[in-house]
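The values are calculated or read from the model by the stated rules, or taken from the named source; none is laboratory data. Fair warning: this is a prediction, and the values are worked out from it, not measured in the lab. Neighbour counts are summed over all protein chains in view; Cβ atoms, including those assigned to glycine, are modelled from backbone coordinates with ideal geometry.
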Amino acid sequence: MTASPLEAVRTYEVRTYGCQMNVHDSERLSGMLEQAGYLPVAEGDNPDVLVFNTCAVRENADNKLYGNLSHLVPVKARHPGMQIAVGGCLAQKDQAEILRRAPNVDVVFGTHNLGSLPVLLERARIEHEAQVEIRDSLVDFPSVLPAKREAAYAAWVSVSVGCNNSCTYCIVPSLRGGERDRRPGDILAEVGMLVQQGVLEITLLGQNVNAYGVEFGDRQAFSRLLRACGTVEGLERVRFTSPHPHDFTDDVIAAMAETDNVMPQLHMPLQSGSDAILRAMRRSYRQDRYLGLLDKVRAAIPDAAITTDIIVGFPGETEEDFEQTMHVVREARFAGAYTFIYSPRPGTPAATMPDQVPYDVKHARYRRLVDVANAIVWEENTARIGSTVEVLVALGEGRKDAARDRVSGRGPDNRLVHVAIDPSHPLPRPGDVVTAEITQAAPYHLIADRVLHVRRTRAGDASEVPAAPATGSGVSLGMPAIRVGSA
Ligand code: SAH
Ligand code: SF4
Ligand code: F3S
């Protein structure tokens, strides 16, 4: 739809918080808005519609949103007709309360009804009244909505939404609902379509991808799906997030090891190294099972880079419990650890458990953990020096090192690599693949300055033409980054 000449085109901006689910959902929000005739706002300009896709996993996410909304009061006053929409997990949690705390909001929508956004914006405009629409269960898989992606080489593909677990600290199941699985045929059709459009890398997404199949009664559905992705011609890289140590079965390890395009990378949330705390968290594995799993993965996939999520200061966590977490971190030699200070979430069992750990103690443990985890990441990065890596050049990831003329991307193991631009090779574009030798290591990235080869790809060609308009199947989008987290 295009705006009539008499009607000024309205612009939009979507601000995304939280995890990859929200990034995936935001592609749909942008896609729907563009299909409804909105244009992306130019950088630095004020949009006519500003959408916040929110997260509620920790308390600071809440505080940040309400802070942002209050800063917008004068901005909205200066821009008559501007609309503010709040969606995502915090909207699902706070619902109409958002309007009470931030009366300048025009639309509130939840995690189950992304598709309602354009209609709610229109209704709020016509009726001059804020609209709140929250559903208790999923209306449509976001995957069926139009998508607007930023780059041509990588895409998220949702395998499931929601989660059937009940980790005692976690608010996600109450905001995203129980697990709903997409059918393998739908997923593979989407993958095939994306690859036809030039996508080289997909990341399969779910809160607990290993449980995939519970809804249609196939316990090996996820390993089958990985193997099926291996048969898609032209698909170079397959990743997934997140698995759960409890459901991480041998058939998945075998599928990873035996499927060439499944990348040697695994994000395996630990949460705690203490058996007592894992029990209190209702995480059904124990330290020895977790470390045993990593051994099995490394035996099958020797160069696998394993990352994790860890919570520090869960209620009742003693110094000994925390030492168990430090022990696992030392043993596991993670390639990256996303560490979080425990944050009580309303309605979760852990929020009312006795022995809440004082903030100072949580914070001191957090610092110790981060120091140890980072030192190991750096050592592991340093061990890569001298090896050869294939870097899929990313759009806007990391930095373009102006001083040394480098572009950035990810290796097969998902490590961030800054790679030299060598004039004796073609100029690498986002989506091209550079083979280079790693020459330096830093705590959060590698540098590969000895370029051996630049492979120009269809995705690279596509990055040179302006982004296509939103389509039902979607074109392109940014590099699936691993989770970016902090306390
Ligand atoms: N389904 C994913 C994670 C979802 S939330 C999984 O199970 O891996 C992302 C991460 O946030 C979790 O892995 C956990 O480490 C962290 N997290 C969740 N709830 C939290 C809380 N109440 N306080 C601190 N960190 C939390
Ligand atoms: Fe939350 Fe646990 Fe489900 Fe992950 S597996 S979303 S941490 S309840
Ligand atoms: Fe946050 Fe919701 Fe993801 S609470 S971490 S955006 S599922």
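In table form, for the structure just shown:
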read-out	value
3 or more residues within 27 Å of the chain's Cα centre (by Cα): qualifying helices (runs of 4 or more DSSP H) within the stretch 1-116	20-35, 59-78, 89-94
Qualifying residue in the stretch 219-238 (condition: more than 16 Å from ligand 2 (Cβ to nearest atom), part of a loop (DSSP other than H, G, I, E, B), over 23 Å from R410 (Cα atoms) and not assigned by TED's automatic domain parsing to the domain that holds A394)	yes
Number of the condition not met by Q92 [criteria: (1) of a type outside the set (G, A, S); (2) under 22 Å from R123 (Cα atoms); (3) free of Cβ contacts under 8 Å to residues at least 60 places away in the same chain]	(3)
Residue in the stretch 363-374 that is over 17 Å from P269 (Cα atoms) and over 27 Å from the mean Cα position of the chain (by Cα) present	yes
Checking H327 against (1) in contact (Cβ under 8 Å) with a residue 60 or more places away in the chain; (2) surrounded by fewer than 21 Cβ atoms within 10 Å (Cβ to Cβ); (3) more than 10 Å from A373 (Cα to Cα), the condition it does not meet	(1)
Residue, surrounded by the fewest Cβ atoms within 10 Å (Cβ to Cβ), within the stretch 330-357, restricted to residues that are farther than 18 Å from S274 by Cβ and more than 16 Å from ligand 3 (Cβ to nearest atom)	T352
Some residue of the stretch 157-176 being closer than 18 Å to Q207 by Cα, touching a His at 6+ places or on another chain (Cβ under 8 Å) and within 11 Å of ligand 1 (Cβ to nearest atom)	yes
Every pair of residues 6+ apart whose Cβ atoms lie under 7 Å, when the first sits in the stretch 142-169 and is farther than 20 Å from I187 by Cβ while the second is among the hydroxyl-bearing types (S, T, Y) and within 16 Å of ligand 2 (Cβ to nearest atom)	T168/T348; Y169/Y342; Y169/T348
Residue within the stretch 449-462 that is surrounded by 14 or more Cβ atoms within 10 Å (Cβ to Cβ), in contact with a Leu (Cβ under 6 Å, 6 or more places away or on another chain), outside any loop (DSSP other than H, G, I, E, B) and at pLDDT 90 or above present	yes
In the stretch 142-153, residue farthest from ligand 1 (Cβ to nearest atom) [restricted to those that are in contact with a helix residue (DSSP H, G or I) (Cβ under 8 Å, 6 or more places away or on another chain) and either modelled with pLDDT of 95 or more or in a loop (DSSP other than H, G, I, E, B) (or both)]	A152
Some residue of the stretch 70-84 being within 16 Å of ligand 3 (Cβ to nearest atom) and either in contact with an Asp or Glu (Cβ under 9 Å, 6 or more places away or on another chain) or not assigned by TED's automatic domain parsing to the domain that holds M21 (or both)	no
Odd one out for K64 among (1) away from ligand 1 (no atom under 16 Å from the Cβ); (2) surrounded by fewer than 19 Cβ atoms within 10 Å (Cβ to Cβ)	(1)
Some residue of the stretch 373-380 being closer than 30 Å to A299 by Cα, surrounded by 16 or more Cβ atoms within 10 Å (Cβ to Cβ) and within 16 Å of ligand 1 (Cβ to nearest atom)	yes
Residues of the stretch 262-274 satisfying the condition of being away from ligand 3 (no atom under 16 Å from the Cβ) and touching a helix residue (DSSP H, G or I) at 6+ places or on another chain (Cβ under 7 Å)	V262, L266, M268, L270, S272, G273, S274
Flag if G18 is touching a Cys at 6+ places or on another chain (Cβ under 8 Å) and surrounded by 14 or more Cβ atoms within 10 Å (Cβ to Cβ)	yes
Residue match in the stretch 279-298 (condition: under 29 Å from R410 (Cβ atoms), more than 16 Å from ligand 1 (Cβ to nearest atom), in contact with a Pro (Cβ under 6 Å, 6 or more places away or on another chain) and in contact (Cβ under 8 Å) with a residue 12 or more places away in the chain)	no
Residue check, L120 in contact (Cβ under 8 Å) with a residue 12 or more places away in the chain and in a helix (DSSP H, G or I)	yes
Matching residues in the stretch 238-255 - criterion: being among the β-branched types (V, I, T) and surrounded by fewer than 19 Cβ atoms within 10 Å (Cβ to Cβ)	T249
The stretch 20-59: number of residues that are touching a strand residue (DSSP E or B) at 6+ places or on another chain (Cβ under 9 Å) and either within 16 Å of ligand 1 (Cβ to nearest atom) or β-branched (V, I, T) (or both)	15
Flag if N46 is in contact with a His (Cβ under 6 Å, 6 or more places away or on another chain) and without any contact (Cβ under 8 Å) to a residue 40 or more places away in the chain	yes
Single match in S158, S174 (criterion: among the small types (G, A, S) and surrounded by 19 or more Cβ atoms within 10 Å (Cβ to Cβ))	S158
